């Protein structure tokens, strides 16, 4: 550094001397009439006696030397300042990285280390349904038909996404809320906003100015659920007031991955040393013990939910309020995710879909595909295999469970078919249902088809 500074100083002095010589030469070549003779005359007769010449010579050498001194001073002074500023900036970056950018998630890490699991209860699916209904009535003043409670519990076995539809005031949000209270872990209500369009609206984002991540309630609950065995329910309230296909798109894709251990949500693009423990490489594993329950209103202020979402979700219709009834005082049941999942697996093993029902579904699928170009598909067949046995274990019937699936997931697809085709082919479809299941079977499906035919 010293050699470099010395060389710089020498160059500056040489440049200043050169500038002084040039200035002096220009002055000497300037005469009163601009001729060369005047120059020589001035040199021989009045150079020594002229005060102006001495003053100009002094300025020619003094000013450049002053500038040189100032330049050298700036060079030697600025370098330490720049070095100090750079070191301060580097230290600031290190300090920012030492401070957690996920303050809430880091706090949850500390809480989870002190958390002690409470004793969980063991109940059958039918006991869960009856207890849930009586608890909601006796403790919360919420009344639901036992069939809707069974649909809710059985719907949890189909996947992690559920849509509860109906007019405002029919108890959609309250049903999900009551489930969280009954399972011993209050549900998280996430009010969807009309302007939401991307996943940062529901998960959060990294603020480049503050160097902190703006953590949402959902992100905190996702992280907390990964460290506990409780059942977590997240309510996406008014899920279709904005397009769920936009802000929930990444979740829809991740939940389709068969292996739960590979459902990793991208939270940030890099990793810091002090990031939360279970945020690895900027990714968070979606917890298996969390369900997303969307409540959907059917009015002009909302968007239509696409087939992409309906195909992935279990669907419940709450079209009317249930009548109040007398229920015994029933406490909450603290049930773990593992216990509930075990009940689902046992039911699916014990109450497998009968061969007769499989044959009827195959014939119905062939007719729907040939006439309406609508097929069950592998996903819906898998959902039938999962839903029907659990519904039976909850106290329902096999055909009642099939009626739920057909009405809400199969025949619903006919809404996109030409009204003329619906009107012409509806009698044949109803006759096929009579032949396969009987005239009095599948009341939900028949009611839906009659309403669809009438509107066509």
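The values are calculated or read from the model by the stated rules, or taken from the named source; none is laboratory data. Please read all numbers here as calculations on a predicted model, not as lab measurements. Heads up, the Cβs are rebuilt from the backbone with ideal geometry, glycines too, and the neighbour counts pull from every protein chain shown.
Odds and ends about this structure:
Residue-by-condition table, conditions (1) surrounded by 14 or more Cβ atoms within 10 Å (Cβ to Cβ); (2) closer than 27 Å to residue 224 by Cα; (3) assigned by TED's automatic domain parsing to the domain that holds residue 406:
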{"site": "121", "(1), (2), (3)": "yes, yes, no"}
{"site": "146", "(1), (2), (3)": "yes, no, no"}
{"site": "156", "(1), (2), (3)": "yes, yes, no"}
{"site": "164", "(1), (2), (3)": "yes, yes, no"}
{"site": "169", "(1), (2), (3)": "no, no, no"}
{"site": "173", "(1), (2), (3)": "yes, yes, no"}
{"site": "179", "(1), (2), (3)": "yes, yes, no"}
{"site": "182", "(1), (2), (3)": "yes, yes, no"}
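- As a summary of the residue check, residue 388 satisfies the conditions (1) without any contact (Cβ under 8 Å) to a residue 40 or more places away in the chain; (2) exposed (fewer than 15 other Cβ atoms within 10 Å of the Cβ); (3) within 27 Å of residue 137 (Cα to Cα) except for the one numbered (2).
- Exactly one residue among 325, 344 is modelled with pLDDT of 95 or more, touching a helix residue (DSSP H, G or I) at 6+ places or on another chain (Cβ under 7 Å) and not assigned by TED's automatic domain parsing to the domain that holds residue 193, and that residue is 344.
- Candidate set: segment 252-289, residues that are under 17 Å from residue 205 (Cβ atoms), touching a helix residue (DSSP H, G or I) at 6+ places or on another chain (Cβ under 9 Å) and in contact (Cβ under 8 Å) with a residue 60 or more places away in the chain; chosen: the one surrounded by the most Cβ atoms within 10 Å (Cβ to Cβ): 267
- Number of positions in segment 391-402 that are surrounded by fewer than 20 Cβ atoms within 10 Å (Cβ to Cβ) and either assigned to a helix (DSSP H, G or I) or in contact (Cβ under 8 Å) with a residue 24 or more places away in the chain (or both): 4
- Scanning segment 422-444 for residues that are closer than 27 Å to residue 130 by Cβ, part of a helix (DSSP H, G or I) and within 39 Å of the chain's Cα centre (by Cα) turns up at least one hit.
- Strands (runs of 3 or more DSSP E) contained in segment 102-213 and holding at least 3 residues touching a helix residue (DSSP H, G or I) at 6+ places or on another chain (Cβ under 9 Å): 161-166, 188-191
- Considering residues of segment 226-247 that are in contact (Cβ under 8 Å) with a residue 60 or more places away in the chain and under 13 Å from the mean Cα position of the chain (by Cα) only, the residue surrounded by the most Cβ atoms within 10 Å (Cβ to Cβ): 244
- Where a residue in segment 97-112 is farther than 16 Å from residue 271 by Cβ and its partner, wherever it lies, is assigned to a loop (DSSP other than H, G, I, E, B) and modelled with pLDDT of 90 or more, with Cβ under 6 Å and at least six apart: 112/227
- Among the residues of segment 441-456, those identified as touching a helix residue (DSSP H, G or I) at 6+ places or on another chain (Cβ under 9 Å) and loosely packed, with under 14 Cβ neighbours inside 10 Å are 443, 447, 450, 455.
- Cβ-Cβ contacts under 6 Å between residues 6 or more apart (or on different chains), taken from a first residue in segment 291-308 that is surrounded by fewer than 15 Cβ atoms within 10 Å (Cβ to Cβ) to a second residue that is modelled with pLDDT of 90 or more, are listed as 306/245.
- Top-ranked residue of segment 318-355 - restricted to ones that are touching a strand residue (DSSP E or B) at 6+ places or on another chain (Cβ under 7 Å) and assigned to a loop (DSSP other than H, G, I, E, B), ranked as surrounded by the fewest Cβ atoms within 10 Å (Cβ to Cβ): 319
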